[in-house]
Amino acid sequence: MSKLAYIFPGQGSQFPGMAKDLYSKHKELMERANEVLGFRITDIMFEGTEEDLRATKVTQPAIFLHSVLLAMEQEQQPDMVAGHSLGEFSALVAAGAMDWEDVHVFEEDEESISESIALLNKPLEKSKEKAIQFEDKSSEKTIEGLINQIKVLSKPVE
């Protein structure tokens, strides 16, 4: 039986036009993100420049929102998720361990960001069945043996 993993990117994977093609299908969620942020992140994601997207207050929620939406678009549920830096939050949402609104990348204050980091370090009941612990963390062969297909949920390869 084939295994599937989703890998979510961190900061630096943003690009102009990100998630524009997903708006019509996920309008309610994206408008809720605009509301939570207090500014129209979707306008910047769809029409902003690379420079506009580099501002941390824009970059992190934009990448997170885009990653979560891409995960929702996939037909097959993953057997395993992983994320680099900010992508860890997207991975937790994709695994069903957190709700997207519980992730504080939508808030600028340090206390809220610390809350989210604390959540990453806390054992989460819903994620236990999704967790795989490796004895030899550096072994690529271990990972290759468990997963036959890896999807990197980010900008499409050109």
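Some observations on this one:
- Selection status of Met30, under 19 Å from Val103 (Cα atoms) and without any contact (Cβ under 8 Å) to a residue 40 or more places away in the chain: yes
- Of residues in the stretch 52-95 being of a type in the set (S, T, N, Q) and surrounded by 18 or more Cβ atoms within 10 Å (Cβ to Cβ), the one nearest to Gln14 (Cα to Cα): Thr59
- Within the stretch 79-99, restricting attention to residues that are acidic (Asp, Glu) and assigned to a loop (DSSP other than H, G, I, E, B), the residue that is farthest from Thr42 (Cα to Cα) is Asp79.
Just so you know, all these numbers are worked out from the coordinates, no wet-lab data involved. If you're wondering where the values come from, they're calculated on a predicted model, not measured in any experiment. No Cβ is skipped: glycine too gets one built from the backbone with ideal geometry, and neighbour counts run over all protein chains shown.
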